[in-house]
Structure formats: structure tokens, C-alpha cells
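Notes follow the structure.
The values are calculated or read from the model by the stated rules, or taken from the named source; none is laboratory data. Worth saying up front: this structure is predicted, and the values here are computed from it rather than measured. Positions of Cβ are generated from backbone atoms using ideal geometry, with glycine treated the same way; all protein chains shown enter the neighbour counts.
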Amino acid sequence: MFRIRASGNRMGWLVLAVLFLLILLPLAAVVIQVLLPGVFFGNLVIGDLSLLLDVFRRPLWRVSLQHSVTLGVGTTLLGTALGIALAMVRSRWSFPTARLLDMTVWLLIITPSFILAQGWVMFASADGIAAQWLGWTGLHKLVFQPAGLIVVMTLSKFPLAYLTVYTALEWKVDRLSEAARLSGGSPWTVWRTIQAPLLLPAFFSGAMLVFMDTVGDFGLPASIATVFRFPTLPYSIYTALYTSPIRFDMAGALSFYLVLLIALAMSVQLYAMRKSRFDFLSGRATRSVARKPVKGAYILVIGNLTFLAVVLGIPFGSNLLMSVTDNGGSGGITFKYYRALFAGDGNLASGLMHSLEIAAVAAMIGLAVGFLVAYVLTYSQFKLRKAIDVISLVSLAVPGIVLGIGYIFIWNQKWLQSIGLLLYGTPWILILASVAGAIPVITRVVVGAMAKVPQQLLSAAQVQGASFRQRVATVLAPLIKGALLSAALAAFGASVFDLAIASVLYPPNFMTLPVVINKAFENLKFGYAAAATLTGGGIVIAIIVALELLFKPARKRPRRTSL
């Protein structure tokens, strides 16, 4: 037992060191850059903390902060309310096309926000699809304003609240609601006084996820900037790095406020839940089963299809139409944009190959790191397991644009060149940043699978003299093979389309797929950008499906025994 505990402690310290290097150190560098500007570039001076107050004096900074707060709060309120309502309806009623809603939710979650935003720009711009095909010439005035952008962001972020609440509704205890109804409570009173308070953890968790994903979103402002000026903190950080001269101090100060907003959101959630208990499930709990409505099913079907036509049909349908029509449809059907993808300078081909290579390496490294993190969290008695769990989730909460800034500060040091570790300006810095972003997803997937494998199996193998590598290869890995594959594919797909990391860290003359698409969109080449999006996305999906079919563990059918 002493050997087992010592082995777990050594692995715990190793995992903690790796997470510190990949996640905590870059984030700490952002704060240090504010306190000691220039320290990472050989100029040790005390920072002028008044720079932090410039966010209230400089018009662009002030507007960026205001826009981030407005967009974050508005989307959180509207997106959480929409997610709660849809989850309640979906968990209670079973109707045709209901599974389409579930599929749409997952599709919206895995689709990068800049692709969804580009679809809305193609549809609602002054000379877009809505104006040319439907004659809605005034739609751009409704969409390209703060309230309209909140609605657009809500339609892409509500799945986070939907999944959180829908999962919480998996089990129910009817005796509580029945007692309230016997006491004369109406259905609305029962929901407001009993069901809703018991679901507060899910409500707060969903709201926090929506807020964090919204304020840290770089894709929407980057895409909207082509037709409407709506700077946010992530976009202003990006512009600070691409101005002349480069203003790392400005990027650090704006990153500080972005991290502060996310920390405040997490604090609000913890404060709201710290004195309450919500463990209401008991032996009388039953799994929720959606029922067919006695009447009015057609209303649910029509409403669902209409909703899906908006949230899914507009962004994806706009990309499809723009990719096969000339001038938004006025010039007829054409495939010239698809022919142009692999002609001329070949930016898409090289960008796609670069993104696939980076994503593949990041997925493999991330899977190794995430596996070790999950192993320590599940099986070891390491005293700092809680710290590892928190750190492994930090990169999920911190926007990619902030993480990219920290990587510039850490890996752009002159002294690193003498030891061959000057990673800035090389593809390896993209790989490391992608690994940091993939760790939370991989860890959560693998932890859930490891929780089903008893520790006694591994302990017995270790007592018999099996090394850690042998225990993993012969006992643990075969039992969680499916989860390892799912985690690797999820990390691979997310890394391919990470626009924030790619925009900040891509080396000179080393284009990646999201950068190629975004630059084409910025240059108003909507047809080319749409064709590149669909082609690149289709290739990535095909690779994921092929790998899943190739390596997914086959389910053996039970043998029938004859009497």
C-alpha cells in the first residue's frame, strides 16, 4: 500500500507540474505583464497601475468593456431562459421531430461561433440573402445592433443552458409536487415554489456557462466587424496585438478585465449556492419519461421546426447558398468558389493540412495529459487532487485569446533560443495552446469512464508486480477504450476550428483553416469563405466518422445457448 500511495504522489506532482506549465503559468504571465510591463522582454520596470483605469478613460476600451458586459448579461438572461424553457418542454413531452432538437443542440455546441456568425452576416447584411431572396431590406437594421446581436448570440449559446437543465431533469420525485397540488397549488405555483428552487444549481450552472462562453467569444465580433463595428474585450485584445507598434501592455490590461468578469461570474454562482442544499433525490425518485401530449402535438411540431429553421437553417443554409450562388443568388448557380479553393495560392489546402496536423498532435498529447489527470483524480490519494481538478477546468473558463497572450509572454524569451525552446513563431506553440484547451474536455470524458473501473483491479495487478505501463495497457485502457477514442476525437475537432488561438499564435506564412476562412470573410469574399467552411468542415467530420468506425470497440452480441 505504501508503494501504491508513493506512486500516486509522484504522478500527482508530475501532473501538477504539467498543468502549471500549460495553463497556470501563461495566465499568471498576463497578470505579471500588467504589474511589470516589459519583464518578459528584458525590461524590468514597475508597471503603471493607472493603465488599468484607462479602461474607463479611453473610448475604445470603455466601449469594449461595455459591449462585453452588455452582450454577456443580455445573452445570459435570454439564453438561460430559452434553454430552461426548451429543456422543460423536451423533458415533459414526446413529439415528432423532438430528436431533431437534441441533434441541433449538439451541432450548435461543436460548431465554432465564427462560422455561425458568418452565416448570420451572409443572411442579414444589407445586400445579403434576406434582402435579395426575400425582400427583407430592413433586416440588417434589426440584427446589427446590440439587441440583435444578443439574439444572435443567444441562438448559438442556449444549448449550454439547455443541456445543463435537461440533464438535471433526468430524475424526479413526484411526491413533492403531488403534495403541493393536493394543497390547492396550481401548476404554475408548483413549478415556481417547488420545482424551480430545486433546480437552482442547474440554472446557475447553465447561466455561468453561457456568460463565460459569451464574454470570451472572439468569433462573433471578428465576423460581425465586416459589416458592423461592435468591439468587445476579446476583439480589442486581438487588435492590440496587430497594431504598430504592438501594445502588449494594452493586451495585458484588457485581458485582466476579461478574466475579472469570468471570476465575478463564478463567484456569484458560488455565493448563491453555498448555504443551500439541493440533494432531494431519494429511494422514491423515478426516471423522467416524456409523455405524448393528449392534444396540441402539431403545435409542438410546428414550433420546433420553425425554431430549428432559424437557429440551424439560417447560419448553415446561408453558408450553403453563398457557396453555390454568384453574388448572393443574383448571378445564378455556380461552383467557382469550390474550384477556387484548391487553385492559385492554395491557401485552403495548406491551411487545412496545417490545422489537421496540429489538431492530430494536440489530440495525442492532450489525451496523454488528460489520461494522467483523470487517473490522479480517480485513483490516487494525492493531497492536491482538488487543485488539479480546478486547474484542469481553468482553461475551459478562460477565453482562448487570453491564453494565447500568455503563451506569447512565456515562449517569446530570448534565452529560450539558446536551449532550443523558443517556440513563439513555430507550430509548436499552437500545439501547446491547443493541448491546454483540450485538457478539460478530455479529462471530463475520461474521468467518467474511469469511475466505472474498480480500483481493486489496478491494485491487484500492482501487487502482482505489474508496472504502471502494464496496468494501463492490460487492465485500464481496454476497459475504457471507447471513452479514450471519444475524448481524442472531441479534442481533435475542437482544435481544428479554434479561431482565437490560431489568430493570435499562428506563425508567419503558416496559415491554418480558421484563419484562412476568417481572412476571406474579412475581405468580403463571402462565397469563398462559405465554400471553405463547408469543405473544411466536411473533411474534418468525415475524418472523425472514419476514425470512430475504424477504432470504436465492437459490441459483441450475447451467444444464445440451447437447452
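Surrounded by fewer than 15 Cβ atoms within 10 Å (Cβ to Cβ) and in a loop (DSSP other than H, G, I, E, B): does that describe Q456?
No; evaluated as a whole, the condition is false for this residue.
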Exercise. From the residues in the stretch 399-415 that are touching a helix residue (DSSP H, G or I) at 6+ places or on another chain (Cβ under 6 Å) and among the β-branched types (V, I, T), which one is farthest from M212 (Cα to Cα)?
Worked result: I410
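Could you list, in sequence order, the residues of the stretch 222-247 that are free of Cβ contacts under 8 Å to residues at least 60 places away in the same chain and surrounded by 21 or more Cβ atoms within 10 Å (Cβ to Cβ)?
Just the residues of the stretch 222-247 that are free of Cβ contacts under 8 Å to residues at least 60 places away in the same chain, to begin with: 229, 239-240, 242-247.
Across the stretch 222-247, the qualifying residue is only A240.
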Problem set entry | Of the criteria (1) crowded, with 21+ Cβ neighbours inside 10 Å; (2) in contact with a His (Cβ under 7 Å, 6 or more places away or on another chain), which one V516 fails | (2)
For this session: Considering every residue within the stretch 243-251, establish whether at least one is of a type in the set (V, I, T) and assigned to a loop (DSSP other than H, G, I, E, B).
Result: yes
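So, in the stretch 230-242, exactly how many residues are in a loop (DSSP other than H, G, I, E, B) and at pLDDT 85 or above?
Start the filter on the stretch 230-242 by keeping residues that are in a loop (DSSP other than H, G, I, E, B), which leaves 230-232, 242.
Next, only the ones that are at pLDDT 85 or above stay: 230-232.
Summing the residues that are in a loop (DSSP other than H, G, I, E, B) and at pLDDT 85 or above in the stretch 230-242 gives 3.
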For this session: Inspect the stretch 493-501 for any residue being farther than 29 Å from G406 by Cβ and in the same structural domain as A436 (by TED's automatic domain parsing) and give the result as yes or no.
Result: no
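Restricting attention to the stretch 409-421, and to residues there that are in a helix (DSSP H, G or I) and out of contact with any Phe, Trp or Tyr (no Cβ under 6 Å at 6 or more places or on another chain), which single residue is nearest to S113 (Cα to Cα)? Don't jump to the end; show me each part of the working.
Keep residues of the stretch 409-421 that are in a helix (DSSP H, G or I), which gives 409-411, 414-417.
Applying the additional criterion that residues be out of contact with any Phe, Trp or Tyr (no Cβ under 6 Å at 6 or more places or on another chain) yields 410, 414-417.
Numbers: I410: 28, K414: 36, W415: 38, L416: 35, Q417: 36 Å.
Among those that are in a helix (DSSP H, G or I) and out of contact with any Phe, Trp or Tyr (no Cβ under 6 Å at 6 or more places or on another chain), it is I410.
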Seminar exercise, completed: Checked Y375, Y424 against criteria (part of a loop (DSSP other than H, G, I, E, B) and either within 24 Å of the chain's Cα centre (by Cα) or not assigned by TED's automatic domain parsing to the domain that holds T214 (or both)); the one match is Y424
For this session: Out of T443, T426, report the one residue that is modelled with pLDDT of 80 or more and either charged (D, E, K, R) or surrounded by 23 or more Cβ atoms within 10 Å (Cβ to Cβ) (or both).
Result: T443
Seminar exercise, completed: (1) farther than 20 Å from P59 by Cβ; (2) modelled with pLDDT under 80; (3) crowded, with 21+ Cβ neighbours inside 10 Å all hold for G219 apart from (2)
For this session: Would you please list the contacts, defined by Cβ atoms under 6 Å and residues six or more apart or on different chains, that run from a residue in the stretch 124-136 that is touching a residue at least 60 places away in the same chain (Cβ under 8 Å) and over 17 Å from L524 (Cβ atoms) to a residue that is surrounded by fewer than 22 Cβ atoms within 10 Å (Cβ to Cβ) and small (G, A, S)?
Result: W133/G329
